[in-house]
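The values are calculated or read from the model by the stated rules, or taken from the named source; none is laboratory data. Being a predicted model, the structure only gives us computed values, none of them experimental. For neighbour counting, all protein chains shown are included, and Cβ atoms are generated from backbone atoms with ideal geometry for every residue, glycine included. When the accessible area is computed, the model is the full protein with side chains, heavy atoms only, and any ligands, DNA or RNA have been set aside. Shrake-Rupley method; radii C 1.70, N 1.55, O 1.52, S 1.80 Å.
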Amino acid sequence: MKSILIGLTAILLGTATAGAQTFPSGDAAHGKDLFLNNGCYACHGTTGTGGGFVGPRIAHDGLPPEAMLQQIRNPAAQMPPYTEKVLPNKDAYDIIAYLQSLSAGPTPTAANIPILNH
Ligand code: HEC
């Protein structure tokens, strides 16, 4: 009985520790280079505000980092998947750190693009 209890305690403690794990932090500056070099910008805009080809705004859209990683690996719909082979976890963490560092900024519309307002 005692050993069962000890076993159970160990399992419970193990679960608690795993649950407390935080998302790995990345290097946002390197993430920016990766964002521009992996074509993310083509769909999401160079600063993640959307308005590019097809991608939605991803700068400060409140998406948790785990969900960003999930989207990068197994996209919901139209986005191409980035496997670990083309984008290793370490690089994915850097891109996510970059996305989290972006300020929301204005969403581009015809009204706030100066050249369209002569
Ligand atoms: C070919 C266009 C395209 C490219 C390239 C692309 N995306 Fe996307 N992305 C999308 C679309 C479209 C969606 C909306 C969901 C879907 O269709 O899968 C999306 C959704 C996302 C989301 C989730 C946004 C949300 O709030 O749900 C994240 C995060 C994201 N992309 C990050 C990236 C990163 C990082 C890269 C580069 C490694 C990248 N995307 C490259 C088109 C693209």
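Tabulated values for the structure
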item: Top-ranked residue in the range 57-67 [being in a loop (DSSP other than H, G, I, E, B) and more than 6 Å from the ligand (Cβ to nearest atom); ranked as farthest from THR22 (Cα to Cα)]; result: ARG57
item: Selection count, the range 48-61, where residues are under 18 Å from SER101 (Cα atoms) and open to solvent by less than 70 Å² (accessible area, probe 1.4 Å); result: 6
item: Total residues in the range 83-96, condition closer than 19 Å to ARG57 by Cβ and open to solvent by 40 Å² or more (accessible area, probe 1.4 Å); result: 0
item: The range 34-47, residues that are more than 8 Å from the ligand (Cβ to nearest atom) and either open to solvent by less than 30 Å² (accessible area, probe 1.4 Å) or out of contact with any Phe, Trp or Tyr (no Cβ under 9 Å at 6 or more places or on another chain) (or both); result: LEU36, ASN37, GLY45
item: Hits in the range 68-82 - residues which are open to solvent by less than 70 Å² (accessible area, probe 1.4 Å) and more than 7 Å from the ligand (Cβ to nearest atom); result: LEU69, ARG73
